1. With the checklist (1) touching a strand residue (DSSP E or B) at 6+ places or on another chain (Cβ under 7 Å); (2) farther than 20 Å from Lys96 by Cα; (3) modelled with pLDDT of 95 or more in hand, flag the one item Ser41 doesn't pass.
2. Taking the criterion of being surrounded by fewer than 16 Cβ atoms within 10 Å (Cβ to Cβ) and touching a strand residue (DSSP E or B) at 6+ places or on another chain (Cβ under 8 Å), would at least one residue in segment 51-64 satisfy it?
3. I'd like to know if segment 69-90 contains one or more residues that are surrounded by 15 or more Cβ atoms within 10 Å (Cβ to Cβ), aromatic (Phe, Trp, Tyr), modelled with pLDDT under 95 and within 26 Å of Asp161 (Cα to Cα).
4. Can you tell me which of (1) buried (at least 20 other Cβ atoms within 10 Å of the Cβ); (2) at positive phi is the one Gly154 doesn't meet?
5. Anything in segment 13-22 that is open to solvent by 70 Å² or more (accessible area, probe 1.4 Å) and assigned to a helix (DSSP H, G or I)? List them, or say none.
6. Condition first: open to solvent by less than 30 Å² (accessible area, probe 1.4 Å) and either among the charged types (D, E, K, R) or under 17 Å from Asp42 (Cβ atoms) (or both). Now tell me which residues in segment 112-129 satisfy that.
7. Which condition number in (1) surrounded by 18 or more Cβ atoms within 10 Å (Cβ to Cβ); (2) closer than 15 Å to Pro98 by Cα; (3) modelled with pLDDT under 95 is the one that Pro29 fails?
8. Enumerate the pairs (first residue in segment 116-143 and closer than 17 Å to Leu159 by Cα; second residue anywhere and open to solvent by 40 Å² or more (accessible area, probe 1.4 Å) and hydrophobic (A, V, I, L, M, F, W, C)) with beta-carbon separation below 6 Å, excluding pairs fewer than 6 apart on the same chain, so at least 6 apart or on different chains.
Amino acid sequence: RQIDYRMKRLLTHEVFHTWLGEKINLAGPESLLYWFAEGFSDYYARLLLLRAGLISLDDYISEYNKVLNQYAKSPARNEKNEKLADGFWNDGDLNKLPYLRGDILAHSINLAIMKNSGWKKNLDDLMLDLYKRSQEEGMLVSAGSLSNLIRFYGGDQILADVMTVLNSGAAIKALPE
């Protein structure tokens, strides 16, 4: 098979799971954190390809716009996280949504962290913190620990936005920044 964007993204996504899933361990029930594990892996797959020079900024933007378009057209986009977790393996629309939702939320959280820190930190800092806590303290990432770190790095508003999306199925408002 030709090593096109889809193959690069897939390989990078799966390699990233050796970090998020093996080095950073998730607490159960894991299905409630699919938006984080799968969506952030998609976010980082694209970002790592950009940072490595394997795709251009235009490619990055084009692919992210595809994510936004898929999300906007998803018949499941207003489902609560709990329903997504329950139907992940049985419904194609529910299966795709955690990837899309988490990817878009990762962008929003990244921007909130940057603004909250005066442009000195970003999502990488939160992820590195998770990694260190997982390795040094044996911490398992749960909804609670993740919420605490999102609030610490990004502030109360982004946490409220994330919780509204996950708990009530509200549509994500992609930020123009």
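1. (2)
2. The answer is no, given that none of the residues of segment 51-64 is surrounded by fewer than 16 Cβ atoms within 10 Å (Cβ to Cβ) and touching a strand residue (DSSP E or B) at 6+ places or on another chain (Cβ under 8 Å).
3. yes
4. (2)
5. Hits for segment 13-22 are Glu14, Val15.
6. If the condition is that a residue be open to solvent by less than 30 Å² (accessible area, probe 1.4 Å) and either among the charged types (D, E, K, R) or under 17 Å from Asp42 (Cβ atoms) (or both), then Leu123, Leu126, Met127, Asp129 are the ones that fit.
7. The single condition Pro29 does not satisfy is (1).
8. If the second residue must be open to solvent by 40 Å² or more (accessible area, probe 1.4 Å) and hydrophobic (A, V, I, L, M, F, W, C), the pairs left are Asn122/Met114.
The values are calculated or read from the model by the stated rules, or taken from the named source; none is laboratory data. This one's a predicted model, so the numbers in the text were calculated from it and none came from an experiment. As a convention, Cβ positions derive from the backbone with ideal geometry for all residues, glycine included, and neighbour counts pool all protein chains shown. Note: areas computed on protein heavy atoms with side chains; ligands, DNA, RNA excluded. Shrake-Rupley method; radii C 1.70, N 1.55, O 1.52, S 1.80 Å.
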